[in-house]
1. According to the square roots a ≥ b ≥ c of the eigenvalues of the Cα gyration tensor, what is the shape class of the range 24-152, taking rounded for a/c under 1.5, prolate for a/b larger than b/c otherwise, and oblate for the remainder?
2. Treating the beta-carbon of each Lys and Arg as +1 and of each Asp and Glu as -1, no other charges, what is the dipole magnitude of the range 162-306 about its Cα centre, to the nearest 20 debye?
3. How large is the charge dipole for the range 24-152, taken about the Cα centre, if only the Cβ atoms of Lys, Arg (+1) and Asp, Glu (-1) carry charge, to the nearest 20 debye?
4. Quick one: which residues, 5 or more positions from CYS133 or on another chain, have an amide H under 5 Å from its amide H? H modelled 1.01 Å from N in the peptide plane, none for Pro or chain starts.
5. Zone of ASN74 (label point 7 Å along Cα→Cβ, backbone N under 20 Å): which residues in the range 93-134?
6. Kindly identify the range 229-300 as rounded, prolate or oblate by the Cα gyration tensor criterion: order the square roots of the eigenvalues as a ≥ b ≥ c, call it rounded if a/c is under 1.5, otherwise compare a/b with b/c, prolate if a/b is larger, else oblate.
7. As an exercise, use a Förster radius of 22 Å and the Cβ-Cβ distance of ARG122 and LYS243 to find the FRET efficiency, rounded to the nearest 0.05.
Amino acid sequence: MKRIILSVILSIVSSLAFAQDNHPVSWKFNAEPAGPSTFKILIKALIKDPYHIYPQQSSGGGLGMPTEILFEANPNVEFVGEVQEKGLEDHGTEAPAYYKKGVVFSQVVRLKGDKPTTLSFRIKYMACNDFMCLPPSNKQFTLDINGKQEEEKDPKAGADSVSAAEKALVYEDFLMADTAGRSVSSKEITDKAKYTFIDFWASWCAPCRVQGRALIPLYAKYKSKGLKVIAVSLDTNPAAWKKAIRADGYTWVNLSDLKGFESPIILKYGITAIPRNFLIDPNGKIIAKDLHGSELEAKLAELFKIN
């Protein structure tokens, strides 16, 4: 069973190149007449398996970032009520934790005049699967109120190309703040370690949190033998970052510059999805990457049996 699970994980990770070049979420829009000078704006997301996106009111607790639909003000448009949403799959009466097949967001608008009107709106969302989350997407669209055209103004927003993720990985020491705001040098940690596990995660990344909790017993087992862990968070909200550390019980070194995917270290390593991790040897060389679960456990057993 462990081999099957590991095989699935490796299959998901190896498909990252496809996910970056062909984002798993696509959007379609139209405006339906709903009364005199009144229209219902329909914003439909279609999601490729095995990914999902989150509702507008996602409550956190390790889940990905909630989806946001942000309409720009328009002097000829009155917005009636709030943005509604309905998943394409049947969730019964329970609020869904996420949408796997797709979702339709709707907003009723009333025109104040007869002149042609174009709506501009921004969609912020995040696509995740059970093992990783892609970078947050932030896209601007326009829609003619008569439904004649739709346009994505910044199609390059969102995930980076996979070429960045394929850059040669060479570890370099770095400085970053801990939860108390103190600047910490990674060299001070790696110099004292036989092996250092550098984990890239975030409080909103459910797979990261699962793997972080699975790392706790391995850290307890090997820390006296020379294993150090540096957890680099891609959070931008310091309160959410610290809350997750407390909730999950991470006692290793926790660092973040609170710049998310714009952090220099994230850009340096071409990280386009998390969780990611590197295992550093005593000479500062990356000897393994993206080890999780039984694969990580086996590698640590191998290393600390030899050393």
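Coordinate-derived values only; no laboratory data. Keep in mind that what you see is a predicted model, and the values were worked out from it rather than measured. As a convention, Cβ positions derive from the backbone with ideal geometry for all residues, glycine included, and neighbour counts pool all protein chains shown.
1. Values: a/c = 2.24, a/b = 1.90, b/c = 1.18.
Taking the square roots of the gyration eigenvalues as a ≥ b ≥ c, the range 24-152 is prolate.
2. Values: 21 positive and 16 negative charges, 82 e Å.
The calculated dipole for the range 162-306 is roughly 400 debye.
3. Values: 14 positive and 16 negative charges, 39 e Å.
Around 180 debye, computed over the range 24-152.
4. ILE274
5. Hits in the range 93-134 for ASN74 at 20 Å: 104-124.
6. Numbers: a/c = 1.98, a/b = 1.31, b/c = 1.51.
It comes out oblate by the Cα gyration axes.
7. On the way: r = 27 Å, r/R0 = 1.24.
Given R0 = 22 Å and the Cβ-Cβ separation, E is 0.20.
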